[in-house]
Amino acid sequence: MTTLIAVPVKDLVNAKQRLIPLLAPAERAELARAMLEDVLHALGRACVGDVLVVTRDPAVEVLARRHGAATLGEESNRGHTEAVAHAQRAALVRGARRFVTIPGDVPCTTPDELTALAAALPSGPGAAFVPSLSGFGTNAVLLEPPDGLPLKFGEPSFENHLGAARAAGLQPVVLHLPGIGLDIDGPDDLALLLERGPDTRSAGLLRSLGVAARLAAHRGGA
């Protein structure tokens, strides 16, 4: 195995709490499912490594296997940072030379972006990062070796990761990839998803739910 790609996913039933003003619980779960399918579809087309979905949700495990991905179980939802660390350890056990992590809520991710990320490092130790659109968060990481850096997510993780890489003697590579950069958390992100990823499963779901009209009403009442 050369590259292991970890995709941490929380329980679908608890997904996307910041979208509560716009979406019912079942709708938020369906959106989380659609976004994960978009990400796994892009990973499957890119063929840049073995995909490992980190989750404790049986429904997510079924979906992952349907897309040809393996799964790594968790005993509890300990958070994104802990799930990634769990996957880094698994990558070492499985003999991976490189480690990539990408979240399951970046539905506009494209195979070309994933290929660019995989090619971002020359041979040998290194670290590459894709920032969120805000520039504060870290939406994807490539490490060689898999334990080359401890990773800690949550804003301002991007600058923190750059500093950690430099402190470890690595010159970090930064890639601004708009699809990977768009993680869907709040209502404004839904508008960007409809605009920038109209052909994704996720945008199709939002259109079927009439989310554009809900967004307009939500903004009008703000």
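The values are calculated or read from the model by the stated rules, or taken from the named source; none is laboratory data. Please read all numbers here as calculations on a predicted model, not as lab measurements. Because the Cβ atoms are built from the backbone with ideal geometry, glycine has one as well, and the counts that use them run over all protein chains shown.
From the list PRO107, PRO103, the one residue that fits, being in a loop (DSSP other than H, G, I, E, B), farther than 17 Å from LEU4 by Cα, of a type outside the set (S, T, N, Q) and at pLDDT 95 or above, is PRO107.
The conditions are (1) without any contact (Cβ under 8 Å) to a residue 12 or more places away in the chain; (2) among the hydrophobic types (A, V, I, L, M, F, W, C); (3) farther than 16 Å from THR109 by Cα, and CYS47 fails exactly one of them. Which is it? For CYS47, the failing item is (3).
Looking only at the stretch 199-216, residues that are more than 12 Å from GLU30 (Cα to Cα), of a type outside the set (Ser, Thr, Tyr) and surrounded by 11 or more Cβ atoms within 10 Å (Cβ to Cβ) come to 6 in all.
In the stretch 140-222, which helices (runs of 4 or more DSSP H) lie fully inside it and hold 1 or more residues that are closer than 27 Å to THR115 by Cβ? Reasoning before the result, please.
Working: elements: 157-167, 178-181, 187-196, 201-208, 211-221.
In the stretch 140-222, 157-167, 178-181, 187-196, 201-208 are the helices (runs of 4 or more DSSP H) which contain 1 or more residues that are closer than 27 Å to THR115 by Cβ.
For the stretch 108-148, filtering for residues that are polar (S, T, N, Q), under 18 Å from GLY49 (Cβ atoms) and without any contact (Cβ under 8 Å) to a residue 40 or more places away in the chain leaves 1.
Residue-wise test of (1) under 16 Å from the mean Cα position of the chain (by Cα); (2) among the basic types (Lys, Arg); (3) farther than 22 Å from ALA15 by Cα.
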site: LEU92; (1), (2), (3): no, no, yes
site: GLY104; (1), (2), (3): yes, no, no
site: ASP112; (1), (2), (3): yes, no, yes
site: ALA120; (1), (2), (3): no, no, yes
site: ALA127; (1), (2), (3): no, no, yes
site: HIS161; (1), (2), (3): no, no, yes
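Scanning the stretch 110-123 for residues that are at pLDDT 95 or above, assigned to a loop (DSSP other than H, G, I, E, B) and not aliphatic (A, V, I, L, M) returns a single hit, THR110.
Here the helices (runs of 4 or more DSSP H) wholly within the stretch 9-99 that include at least 1 residues being touching a Ser or Thr at 6+ places or on another chain (Cβ under 8 Å), surrounded by fewer than 22 Cβ atoms within 10 Å (Cβ to Cβ) and among the basic types (Lys, Arg) are 58-66.
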